[in-house]
Amino acid sequence: MNMLTTAMVPTVLATGDPARVDVEIAPKFKAGDKVTVVNLNKVDHNRLPAYIKGKVGTVTFDHGVFVFPDTSAHRKGPKPQHVYTVVFNARDLWGEAGHPRDRMYVDAWDDYLEHAR
Amino acid sequence: MNGIHDVGGKHGFGPVLVEQNEPYFHEEWEGRMLSMMIACFAAGIYNVDQFRHPIEKMDPRHYLMSSYYEKWLCTVEQNCIDAGIVTREEVDARHAQLMKGKAA
Amino acid sequence: MKHDNHSHANVLIPEVGLRVKALESLLAEKKAIDPAALDLIIETFETQMGPKNGAKVVAKAWTDPKYRKWLLEDGTAAIKSLGYIGIQGENMVALENTPSVHNVVVCTLCSCYPWPTLGLPPVWFKSAPYRARVVIEPRSVLKEFGLDVADDVEVRVWDSTAELRYLVIPVRPAGTENLNEQELAALVTRDSMIRTGVAQSPSH
């Protein structure tokens, strides 16, 4: 264990934990792709909110390669993969309760998405 | 996990309550908790995902009633126990000792 | 937290501040933490991390078209050039409000927030009501904050589920054409950079 000293504080606060991984990994998706969110129900850690599971959205941006929380939380390695922003129509998520003009943007890892059929 | 933390879209929580001129910390211990969380992260006791998961596993009643920093205490304590740095019994005993000292 | 006396009436940790103190003293004895480093972290947050930083980013974007373009294309690099990248703001994305688009930021699963540009989040941002409601009924939440979004304006809600943190560039208020960057920064409120407010007009 490497105890944080006062001398190290400025660097730690200025660096944090970028979670970005500097490896070349081919993205599974590109901006404009229609995707279906997987219906994941594991008891492990994940970053998939229930309200998008099984829903269809569109990839708007590829943010590059990041550590995968589902494995990282359980000391199973970084399993690096691309993170995308995916946009959903509010009506597709919430039915009549959603405003027809509104959009939801959610960030998702490769493993949370499949090409929509 | 399908934990209590996954609240997006849930009904019934009532209005969003905004505190005017909210202080940075409401109580001194909140600042200690924030800085302890960062110090333990920097010491390599957990990463961001290992930090978040114990919060998701909290008793749902406790999760909903507790403040952000109380949740942090739960996960930092759990992570330090899992890493073998302290035991629950040690924390319980020190906590009891401090409470007794305050009451005296 | 395991407590044998869990009941509906008593689910919170009793004397939670003393339990934090108990844990800190034990970790210090075991040389896992240095209390002096904790003091320095608190001091840094109190003096150097807050919405004043984000306001400088916004004011620069309002006055410098090249910077605005850079900020929208590569938020991390543009914000780093001003020195506001760091813990819980390692990867930044800037979003621009326009007369026809209103952006709102939330973290439904946790309470993620860009610390270097905005400081620590207010309690309402971390609260279950905000996190639950703003995704399904953003317009009524915004209305409670005093912001009536017209029907022809698109509301975009951003849920920061991953390690990207979002900063909203509000619409530059009318009547500010003659203000300089520093004067503009004073008009940018914290809430205008998360979502829920608009920048103040100069008369405020």
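The values are calculated or read from the model by the stated rules, or taken from the named source; none is laboratory data. As the structure is a prediction and not an experimental result, all values here were calculated from the model. Note that each Cβ is placed from the backbone with ideal geometry, even for glycine, and that neighbours are counted across all protein chains shown. For the accessible areas, the whole protein counts, side chains as well, though only heavy atoms, and no ligand, DNA or RNA atoms are used. Shrake-Rupley method; radii C 1.70, N 1.55, O 1.52, S 1.80 Å.
For the protein assembly as shown, with all protein chains present and a 1.4 Å probe, just round the carbon and sulfur fraction of the accessible area to a whole percent. About 53 percent, which is the carbon plus sulfur part of the accessible surface. Quick one: which of A:28/C:80; A:28/A:76; B:57/C:31; A:42/B:100; A:28/C:69; C:30/C:80 span more than 31 angstrom between C-alpha atoms? From A:28/C:80; A:28/A:76; B:57/C:31; A:42/B:100; A:28/C:69; C:30/C:80, over 31 Å: A:42/B:100; C:30/C:80. Remark on residue C:101: its backbone amide H falls under 5 Å from those of C:154, a criterion applied only to residues 5 or more positions apart or on other chains, H modelled at 1.01 Å from N. In the range C:50-194 the Cα-Cα distances spread across 5 Å bins starting at 0 as 2, 10, 20, 23, 21, 15, 7, 2, 0 percent of all pairs.
Cβ screening of chain C for cysteine pairs under 4.7 Å finds these without a partner: C:110.
Using only alpha carbon pairs under 8 Å that are at least six residues apart, calculate the relative contact order of the range C:64-204 and give it in whole percent. Don't skip to the answer; put the middle values down first.
On the way: 218 pairs, mean separation 38.0, N = 141.
Relative contact order here is 27 percent.
Cβ neighbours within 10 Å, averaged per peptide: list C:84-97, C:28-41 in order, most packed at the top. Intermediate values should be presented prior to the final figure.
Numbers: C:84-97: 21.8, C:28-41: 18.9.
Highest to lowest by the protection proxy: C:84-97, C:28-41.
Applied to the range C:42-48, the Karplus parametrisation 6.51 cos²θ - 1.76 cosθ + 1.60 on θ = phi - 60° returns per-residue 3J(HN,Hα) values of 4, 4, 5, 4, 5, 10, 10 Hz, with x for Gly and Pro.
Just read off the accessible area of residue A:43 with the full protein assembly in place, 1.4 Å probe, to the nearest 10 Å². Its heavy atoms expose roughly 110 Å² to the probe. Expressed to the nearest 5 percent, the antiparallel share of DSSP beta bridges inside chain C is 15 percent. Comparing chain A with the 2.2 N^0.38 Å rule of thumb, its C-alpha radius of gyration ratio is 1.27 (two decimals).
Less than 13 Å Cβ to Cβ from residue C:40, Lys/Arg counted +1 and Asp/Glu -1: what total charge do the surrounding residues give? Here the charged neighbours net out to -3. Rounded to the nearest 10 square angstrom, residue C:82 shows an accessible area of 60 square angstrom against a 1.4 Å probe. Against chain B, whose longest principal axis comes from its Cα atoms, helix B:68-82 is set at around 40 degrees.
For the protein assembly as shown, the solvent-accessible area works out to 43 Å² per residue, with a probe of 1.4 Å and every protein chain left in place.
Out of all Cα-Cα pairs in chain B, roughly what percent, to the nearest whole number, are more than 18 Å apart? Looking at chain B, the distances longer than 18 Å represent 61 percent of pairs. Chain C packed on chain A takes about 3100 Å² of accessible surface away from a 1.4 Å probe, both sides summed.
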